[in-house]
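K.L.:
The structure is given below, and queries will be raised subsequently.
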Amino acid sequence: MRLKIPAGELVLGAVFAGTGLFWAAVAAGLPMWDGFAPATGFLPLTYGALLAILGIAATFADAAPAGDATDERREAPMGRPLLILLALAAGVAGIESAGFFAAMFLSMLFLFRVVERLPLVSSVAVSAASALVLTVVFRTWLGVPFPAGPWGF
């Protein structure tokens with residue numbers, strides 16, 4: 001029996017596994033323990049190894065035969081993931097010119113209204129609340145100096 005893995009899933013699994021192996025290899029040169037506490041290399045080594053293992057496991061899980069049932073996931077159109085990627089890219093690109101709050105609000109509004117097709121009032125309310133919480137957490141509590149944009153927020 002011949003296993004058929006879509007090329008995109010195979011490449012994605014290889015990218016995750018390779019990234020994890022690289023991360024773990026770089027972290028292996030760092031100190032692991034400092035007295036009774038983990039040092040700078042412990043978490044990167046652990047997370048790199050986990051990422052590599054999960055990348056390989058996901059690739060093998062995709063390769064496992066599913067029987068006679070068709071896999072609807074492989075037949076799904078690429079429209080929604082591309083729209084989500086577009087919203088994320090636009091949000092990141094808009095932070096400098098529109099400001100953090102406005103960029104996050106507009107990105108989430110697009111996701112809720114266009115991608116998820118939620119009602120307009122719900123989309124605006126959840127987008128505004130989420131952008132406000134993100135702004136308070138990052139700008140106020142963590143002190144991240146995000147651009148304010150032309151409106152000052």
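The values are calculated or read from the model by the stated rules, or taken from the named source; none is laboratory data. Computed from a prediction, not measured in an experiment: that's the story for all the values here. Note that each Cβ is placed from the backbone with ideal geometry, even for glycine, and that neighbours are counted across all protein chains shown.
K.L.:
With respect to residue 115, is the statement that it is surrounded by fewer than 12 Cβ atoms within 10 Å (Cβ to Cβ) and under 23 Å from the mean Cα position of the chain (by Cα) true? Can you show your working first?
P.N.:
On the way: surrounded by fewer than 12 Cβ atoms within 10 Å (Cβ to Cβ): no; under 23 Å from the mean Cα position of the chain (by Cα): yes.
The answer is no for residue 115.
K.L.:
Could I ask something else about it? In the list 127, 97, which residue meets the criterion of being among the hydroxyl-bearing types (Ser, Thr, Tyr) and either exposed (fewer than 13 other Cβ atoms within 10 Å of the Cβ) or at pLDDT below 85 (or both)?
P.N.:
Numbers: 127 fails: either exposed (fewer than 13 other Cβ atoms within 10 Å of the Cβ) or at pLDDT below 85 (or both).
It is 97.
K.L.:
Does at least one position in region 112-124 carry a residue that is charged (D, E, K, R), at pLDDT below 90 and either in a helix (DSSP H, G or I) or on the phi < 0 side of the Ramachandran plot (or both)? Explain how you work it out, then say what you get.
P.N.:
Taking region 112-124 and keeping what is charged (D, E, K, R), we get 113, 116-117.
Those still in the list that are at pLDDT below 90 too: none.
Among the residues of region 112-124, not one is charged (D, E, K, R), at pLDDT below 90 and either in a helix (DSSP H, G or I) or on the phi < 0 side of the Ramachandran plot (or both), which makes the answer no.
K.L.:
Then there is this: Tally time: how many residues in region 19-61 are surrounded by 14 or more Cβ atoms within 10 Å (Cβ to Cβ) and aromatic (Phe, Trp, Tyr)?
P.N.:
Selection size over region 19-61: 3.
K.L.:
Right, another one. For region 70-79, indicate whether the set of residues that are over 21 Å from residue 115 (Cα atoms) and at pLDDT below 90 is non-empty.
P.N.:
yes
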